[in-house]
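Everything below concerns the one structure shown next.
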Amino acid sequence: MTKNILVTGGAGFIGSNFIRYLLSKAGDYRITNVDLLTYAGSLENLKDLPHPEKMEFIHGNVCDQPLMEQLIEDRQIDTVVHFAAESHVDRSLQGPAAFIQTNLVGTFSMLEAARKVWLQKGLIDMDKVRFHHVSTDEVFGTLAPGDPAFHEDTPYAPNSPYAASKAGSDHLVRSYAKSFGLPITISNCSNNYGPYQFPEKLIPLMILNALHEKPLPIYGDGLQIRDWLYVEDHCDAIWIILQRGEVGESYNIGGENQPSNLEIVRTICKILDEKAPRESGLPHEDLITYVADRPGHDRRYAMNITKIRNELGWEPKLQLEEGLRSTIEWYLSNEDWLQAISKEKNFQDWVQLNYEAREKTLGGAE
């Protein structure tokens, strides 16, 4: 039986990787990919897909509830995987409104569309439908030294407009399960990295700045700790949740890699010294520069993945240095993607925004 999957934000970093992952698997899948193509979404991310005939791209806004309802009904969607979100903390500090609109209103719109088609119209067997919401570890706030890692029952304590908007969307999704019986699952993931990541996040920004002999800006002392998850491992976890996850449950997804930001950058520099040495012969680490810390910067994240490991049998496959090597090799081998992205107006707008932010000493990345 054909599985009809609606992926929101499927031209973005994680969404496009998920579609690529899904199309590479055996099975009869039809994917409807909805993306507004804002600054972090690009059709360049969808080139050279395996079995592209199985995916239909729709240029649309998740906040357009009538459109979402029509798509779910007309395409007989039985599975929604909701990636679409504004996702960069720095941007949420500069302009919170877009985060409230996309992450809260957009999630509400998707939930209402699914509720109306699946529950009110009853067009699809409810035993066969699932709404999966993709969220973040940032909803849990920050950990002090010695605190145990975040688990699924950790109280929410978001510290940025981005984190607060994602926390709110998580609560909305749970409320639709409790209030209306919508069959949902939620995953909260740690920091993703890998191919096709828009170069505002820490790892791709450091790679590209280093290759172009630009400073490698690090917030504060650089000792902030994050859990790093290779994007294909994340895609694998989501698919396993869709297959075997219990309706109404949430699952933490992490890479069990928790170095400091400074260690990450130094590792990138070491790999680049080997794979793309500077003409000057100097180490890339000489490009590291420290900038003022950003407001409300969470000090440490760590994810406890015991639940998904024990209940669903998932665990990350790639250790951090292996994943960083793979990521750097991808960027070095995909200059066409970089050149195409750099010509898009969305990228040029980001460059200007990033420059203005750096002028205000918000020049790091995460």
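The values are calculated or read from the model by the stated rules, or taken from the named source; none is laboratory data. As the structure is a computational prediction, the values presented were derived from the model and not from experiment. With ideal geometry, Cβ positions are generated from the backbone for all residues, glycine too; neighbour counts draw on all protein chains shown.
Return yes or no: is residue 94 in contact (Cβ under 8 Å) with a residue 40 or more places away in the chain and over 18 Å from residue 11 (Cβ atoms)?
Spelling it out, residue 94 is indeed in contact (Cβ under 8 Å) with a residue 40 or more places away in the chain and over 18 Å from residue 11 (Cβ atoms).
Assess whether residue 106 counts as being outside any helix (DSSP H, G or I), touching a residue at least 12 places away in the same chain (Cβ under 8 Å) and not β-branched (Val, Ile, Thr). When the stated conditions are applied, residue 106 does not pass them. Residue 124 falls short on exactly one of the conditions (1) closer than 17 Å to residue 185 by Cα; (2) among the β-branched types (Val, Ile, Thr); (3) in a loop (DSSP other than H, G, I, E, B), and that condition is (1). In segment 303-321, the residues that are charged (D, E, K, R) form Cβ pairs under 7 Å with partners that are assigned to a helix (DSSP H, G or I), at six or more places apart or across chains, as follows: 315/309; 317/233; 321/267.
Here's a check for you: in segment 282-299, which residue that is at pLDDT 95 or above and of a type outside the set (A, V, I, L, M) is surrounded by the most Cβ atoms within 10 Å (Cβ to Cβ)? Checked segment 282-299; the qualifying residue surrounded by the most Cβ atoms within 10 Å (Cβ to Cβ) is 284.
From the list 163, 177, the lone residue that is under 27 Å from residue 261 (Cα atoms) and hydrophobic (A, V, I, L, M, F, W, C) is 163.
Can you confirm whether segment 84-95 contains a residue that is out of contact with any Pro (no Cβ under 7 Å at 6 or more places or on another chain), in a helix (DSSP H, G or I) and at pLDDT 95 or above? Walk me through it before giving the result.
Initially, segment 84-95 is screened for residues out of contact with any Pro (no Cβ under 7 Å at 6 or more places or on another chain), giving 84-91, 94-95.
Add one more test, that the residue is in a helix (DSSP H, G or I), and what stays is 89-91, 94.
Adding the requirement that they be at pLDDT 95 or above leaves none.
No - not one qualifying residue is present in segment 84-95.
Taken residue by residue, segment 41-63 has at least one member that is in contact with an Asp or Glu (Cβ under 7 Å, 6 or more places away or on another chain), part of a loop (DSSP other than H, G, I, E, B) and farther than 18 Å from residue 104 by Cα.
For the residues 278, 325, the requirement of being modelled with pLDDT of 95 or more, under 20 Å from residue 192 (Cβ atoms) and either of a type in the set (D, E, K, R) or not in a loop (DSSP other than H, G, I, E, B) (or both) singles out 325. Looking at 203, 253, just one residue is farther than 23 Å from residue 314 by Cα, touching a strand residue (DSSP E or B) at 6+ places or on another chain (Cβ under 7 Å) and surrounded by 23 or more Cβ atoms within 10 Å (Cβ to Cβ), and that residue is 203. Within the set 10, 15, the sole residue that is of a type in the set (Gly, Ala, Ser), in a helix (DSSP H, G or I) and within 17 Å of residue 196 (Cβ to Cβ) turns out to be 15.
Which of the residues spanning segment 256-281 are surrounded by 14 or more Cβ atoms within 10 Å (Cβ to Cβ) and among the acidic types (Asp, Glu)?
In the first step, residues of segment 256-281 are kept if they are surrounded by 14 or more Cβ atoms within 10 Å (Cβ to Cβ); the result is 256-273, 276, 278.
Matches in segment 256-281: 256, 263, 273.
Looking only at residues in segment 304-322 that are in a helix (DSSP H, G or I) and not charged (D, E, K, R), which one is surrounded by the fewest Cβ atoms within 10 Å (Cβ to Cβ)?
To start, the set of residues in segment 304-322 that are in a helix (DSSP H, G or I) comprises 306-312, 320-322.
Adding the requirement that they be not charged (D, E, K, R) leaves 306, 308, 310, 312, 320.
Numbers: 306: 12, 308: 25, 310: 10, 312: 17, 320: 21.
Only one residue fits best here, namely 310.
The residues of segment 15-28 that are in contact with a helix residue (DSSP H, G or I) (Cβ under 6 Å, 6 or more places away or on another chain) and either among the aromatic types (Phe, Trp, Tyr) or crowded, with 24+ Cβ neighbours inside 10 Å (or both), listed by number, are 16, 18, 21.
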